[in-house]
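These notes are about the structure you will find just below.
The values are calculated or read from the model by the stated rules, or taken from the named source; none is laboratory data. These numbers come from a predicted model, not from an experiment. Positions of Cβ are generated from backbone atoms using ideal geometry, with glycine treated the same way; all protein chains shown enter the neighbour counts. With ligands, DNA and RNA removed, areas are computed over all heavy atoms of the protein, side chains included. Shrake-Rupley method; radii C 1.70, N 1.55, O 1.52, S 1.80 Å.
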Amino acid sequence: MSKKRRIKTMEELARTIEVSRPTLSRFFRDPESVRAGTAAKIRARLADVDYVPNFFATRMNRQSTGLIGVVIPHYNDLFYTSLLQAIEDSALAGGGTVITQCSHGSPEREARAIDRLLSMNVDGALVAPLGGEASATAITRLAEMLPTIMLDARLGGDAPALDFVGTDNFATVDLMVDYLCRTGEPPVFFAMPQLNSNSAEREAAFRAAMERRGLKAASVPVPSEKSARFGWDFEAYAFDAMSDHFASGRYRTATILCANDRLAFGASRAAHLFGLWDQRGGERLRIAGHDDHPLSQYISPPLTTVAQNVEGIAERAIALLERRTGDPQSAFEASVLPGTLKVRQSA
């Protein structure tokens, strides 16, 4: 079997196929834009060469590139990777292609990620924002230039209104508080570091849920220096904080509602270290989370949590992006989806 000739440029390919460079470019953009006989000739001769068209070069001069930019805070957070997969599936169903950037928890890198998406001529953007003034400035500028949808967390503060898709934190936290109060001692809340709007929103949701039941809204105290030290490393943050509390005899038989599953993972690891999951009979430790992280059902004990509707968020975000593209002046919409209680052995 003979080796195919390797061709690196469109110019060389056009000479080889014996068509003009503009005709070849039109073919890659839309095969139906060239005559049927010419298209058949190009297809036949492409089978005899080794050539991969430049994805961006074939799209840069289009009115629509079909590219959707996505910015997430971290690649190593499996909630965001699950959301990204759902976005890619939804975009692909509509003929779109996703270009992903990561802010790595840094407002400066978030701003650079936004600049890169603008340079790639994307049709629109979906952003899971870090929040804060710098984040709001960069994303507001992005929204002025192309359709932009906020995912998972809001910009917060005095930032202008933008389209948003996420989970109804007040409903999901209330769902969990109701379950925990019905099945045992009322929960104390273990908040995540104040890194995006979900941090404050879920804590406010917990307080509201407890107050409706006439119960004290108590929280696990964590020194502020731990938040600065661990940042987005939620598992280590929770493990360190709860190890300190368990070592001092605190919360050993408490019901702890963690603001997200990653905190619950760290708290559960600390409980293993102190043998708290081995207790039998009487009062025992209970830990619950939020998000239904992909690993939550596989830790020991499996984690009771609330599942976010990741596929629904992705589908709604793509639909909102299409609406914003077609009608840039339409009113901004905040779309919040319900969650589903997942009862497992941890609580």
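Pairing each residue of the range 37-52 that is open to solvent by less than 50 Å² (accessible area, probe 1.4 Å) with any residue that is part of a helix (DSSP H, G or I) and of a type in the set (Phe, Trp, Tyr), provided the two are 6+ apart or on different chains, yields C-beta distances under 8 Å for THR38/PHE27; ALA39/PHE27; ILE42/PHE27. Residues of the range 233-245 that are surrounded by fewer than 20 Cβ atoms within 10 Å (Cβ to Cβ) and in contact (Cβ under 8 Å) with a residue 12 or more places away in the chain: GLU235, ALA236, ASP240, SER243.
Taking the range 158-172 as the region of interest, how many residues are surrounded by fewer than 19 Cβ atoms within 10 Å (Cβ to Cβ), among the small types (Gly, Ala, Ser) and farther than 26 Å from THR255 by Cβ? Within the range 158-172, residues that are surrounded by fewer than 19 Cβ atoms within 10 Å (Cβ to Cβ), among the small types (Gly, Ala, Ser) and farther than 26 Å from THR255 by Cβ number 1. With respect to the conditions (1) open to solvent by 30 Å² or more (accessible area, probe 1.4 Å); (2) at pLDDT below 90; (3) out of contact with any Leu (no Cβ under 8 Å at 6 or more places or on another chain), ARG112 falls short on a single one, namely (2).
Can you find even one residue in the range 72-80 that is open to solvent by less than 50 Å² (accessible area, probe 1.4 Å), modelled with pLDDT under 85 and among the aromatic types (Phe, Trp, Tyr)? Taking every residue of the range 72-80 in turn, none turns out to be open to solvent by less than 50 Å² (accessible area, probe 1.4 Å), modelled with pLDDT under 85 and among the aromatic types (Phe, Trp, Tyr). Scanning the range 189-222 for residues that are in contact with a Phe, Trp or Tyr (Cβ under 7 Å, 6 or more places away or on another chain) and β-branched (Val, Ile, Thr) returns a single hit, VAL220. All conditions in (1) open to solvent by 30 Å² or more (accessible area, probe 1.4 Å); (2) among the hydroxyl-bearing types (Ser, Thr, Tyr); (3) over 30 Å from CYS181 (Cβ atoms) hold for THR340, with the sole exception of (3). Of the helices (runs of 4 or more DSSP H) lying entirely inside the range 122-226, those containing at least 2 residues that are closer than 20 Å to GLU108 by Cα span 133-145. When the range 309-347 is filtered for residues that are acidic (Asp, Glu) and in contact with a helix residue (DSSP H, G or I) (Cβ under 6 Å, 6 or more places away or on another chain), the ones remaining, listed by number, are GLU311, GLU315.
Residues that are among the charged types (D, E, K, R) and open to solvent by less than 60 Å² (accessible area, probe 1.4 Å) were ranked within the range 173-229; the one that is nearest to SER135 (Cα to Cα) is GLU201. Of all residues in the range 96-105, those satisfying the criterion of being assigned to a loop (DSSP other than H, G, I, E, B) and surrounded by 17 or more Cβ atoms within 10 Å (Cβ to Cβ) are GLY96, SER103.
The set of residues from the range 318-347 being modelled with pLDDT of 95 or more, in a loop (DSSP other than H, G, I, E, B) and among the aliphatic types (A, V, I, L, M) comprises VAL343, ALA347. Of everything listed in (1) touching a Phe, Trp or Tyr at 6+ places or on another chain (Cβ under 7 Å); (2) closer than 26 Å to ALA171 by Cα; (3) aromatic (Phe, Trp, Tyr), the single unmet condition for PHE332 is (1).
In this structure, does LEU92 turn out to be assigned to a helix (DSSP H, G or I) and either under 18 Å from the mean Cα position of the chain (by Cα) or buried (at least 23 other Cβ atoms within 10 Å of the Cβ) (or both)? Even if it seems obvious, please write down each step before you answer.
Details: assigned to a helix (DSSP H, G or I): yes; either under 18 Å from the mean Cα position of the chain (by Cα) or buried (at least 23 other Cβ atoms within 10 Å of the Cβ) (or both): yes.
Judged against the criteria, LEU92 is a match.
The single residue among THR100, THR148, THR65 that is farther than 20 Å from SER335 by Cα and at pLDDT 90 or above turns out to be THR100. Summed over the range 148-201, the residues that are within 22 Å of LEU126 (Cα to Cα) and hydroxyl-bearing (Ser, Thr, Tyr) give a count of 4.
For the range 144-157, filtered to residues that are out of contact with any Asp or Glu (no Cβ under 9 Å at 6 or more places or on another chain) and open to solvent by 30 Å² or more (accessible area, probe 1.4 Å), the residue that is nearest to ARG250 (Cα to Cα) is GLU144.
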